[in-house]
Every structure is written in structure tokens, then in C-alpha cells.
1. Within the chain, what percent of beta bridges assigned by DSSP are antiparallel, to the nearest 5?
2. From the square roots a ≥ b ≥ c of the eigenvalues of the alpha-carbon gyration tensor of the stretch 100-156, which class results: rounded (a/c under 1.5), prolate (a/b over b/c), or oblate?
3. Pop the C-beta distance of Y55 and K110 into the FRET formula with R0 = 22 Å and round what comes out to the nearest 0.05.
4. Among residues other than A153 whose Cβ falls under 11 Å from its Cβ, what is the net charge (Lys/Arg +1, Asp/Glu -1)?
5. Can you give me the distance in nm between label points at T27 and M1, each placed 7 Å from the Cα along the Cα-to-Cβ direction?
6. Can you tell which of F84, F61, F178 shows the greatest fluctuation in a Gaussian network model of the chain with Cα springs below 10 Å?
7. Filter K38/K184; K146/K169; K72/K110; K29/K160 down to the pairs with a C-alpha to C-alpha distance above 29 Å, please.
8. If you plug each phi of the stretch 50-66 into the Karplus form 6.51 cos²θ - 1.76 cosθ + 1.60 with θ = phi - 60°, what whole-Hz ³J(HN,Hα) values come out, in order, with x for Gly and Pro?
Amino acid sequence: MIKLAIFASGNGTNAQRISEYFATSDTVKVDCIIYNRKDAYVAERAKRLNIPAHYFTRDDFYTNGRVLEYLKEHEIDWVILAGFLWLVPEEILKAFPNRIINIHPALLPKYGGKGMYGEHVHEAVIANHEKESGITIHIVDHQYDKGTTLFQAKCQLTDKDTPDTLAAKIHELEQTYFPVVIEKTVTNEAR
Ligand code: GAR
């Protein structure tokens, strides 16, 4: 079994979709969901999905090594960032070389970098009257939103679109493609 740990911070719609997608898989398993905001709704979703969820602090992530220890204890093969906003520290990058995948709600390299997340991205795209936006799924490195792109999908925008309607379009792309791209990426390597 290829074991995934999902890192999330907020609502957790992607974490839920990925967990449901792999629930019946013989090759890939969501082992746990790890979150860094105490009141994150993803914890509630994890409970309902029957997937162990663990809250951790900034210190656990950056200083005392508890997150890395947990991932090792659980023999995690791949880390999936699904709405997770902290820069991944060197020790975790080293332990999972090219084995951390992130989803970003825009067509990188546009609208990436620190502070560009969730609705901030959609607001900026609409403010610039872009004709299209989309999602980027990429390998994580030591910079925000800079690692090798695995996949992009686009959606078209009209003058009538708002940050909310754009968010809905992006959400649909994420729900459709993220689990499939994860599956392809993590199983290719195992062959
Ligand atoms: C998703 O749209 C994801 O692309 C975005 O946060 C949202 C999380 O939603 N990620 C970023 O902006 C990363 N820079 P979710 O918690 O419902 O999955």
C-alpha cells in the first residue's frame, strides 16, 4: 500500500474528496489528515470519514520535529498539501524528496507566492480582468508555489465572473482532477 498523509488548514473539501476517492483503492491509502488550525473544519470531515486526524503546532512543524517523527512512525510515502499554507521546512523536504504534492488555485507561475491563497488569488485574478484561470498541481520545494508542475487545468472567465463564481469553477476542477493526478503520480513511481 502507498500511504498518503494529507496536510490541510481549513475547510478540507479537497482532503475529503481525496479520502473518498482512495477509500476503495487496493494500492493507495489516506493514512491520516494533519491540520494546523485548531478550529479547522477538516477535522470534522476526517471524523466522519473515519480517518485519523492530528492537530499540530508551528513548533511541531518547524522546531521540535514532531510532525516528521509522526510521518516516519506511520511510514508515510507521500505528503499531499490540500489547502495548506505553511512553507515546508528543509527536514521534511529532505525526508520526502519530490514526494510532496501541492494544489494551487491558479495557473502558476501567475498568482503564486506568499499570501496568494484561497480567495486572495481569486480576487486578484478578477481584479486583473483575466480571461482564464485554473489549477496547478505541483511538486513542493523550498519556495512557495515554485516546484515542478505536474498538471494544469483551465477554466474560462467572463466579465460577469466574481471571486465567488471563480472559486466555484476552481473547486470543480480541483474535485475532478486532484485525486486522479495524485494517483497517477504516486503509482507511476511504484511500478
Ligand atoms: C483550495 O482551493 C486550494 O487550491 C487552496 O486552498 C483551497 C483549500 O480548500 N490552496 C492554496 O491557496 C495554496 N496556496 P479546501 O480546504 O476546501 O480543500
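1. Percentage antiparallel, nearest 5: 40.
2. Values: a/c = 2.52, a/b = 1.50, b/c = 1.68.
Taking the square roots of the gyration eigenvalues as a ≥ b ≥ c, the stretch 100-156 is oblate.
3. That pair, Y55 with K110, gives E of 0.10.
4. Values: positive: K154, K169; negative: E132, E172, E174.
Combined, the nearby Lys, Arg, Asp and Glu give -1.
5. Label-label distance for T27 and M1, simple model: 1.7 nm.
6. F61
7. K38/K184; K72/K110; K29/K160
8. These are the phi-based 3J(HN,Hα) values: 6, 10, x, 10, 10, 7, 9, 9, 4, 5, 4, 7, 9, 10, 8, x, 5 Hz.
Here, each number is a calculation from the coordinates, and none is a lab measurement. None of these values were measured; they are calculated from a predicted model. Reconstructed Cβ throughout: ideal geometry from the backbone, glycine too, with neighbour counts over all protein chains shown.
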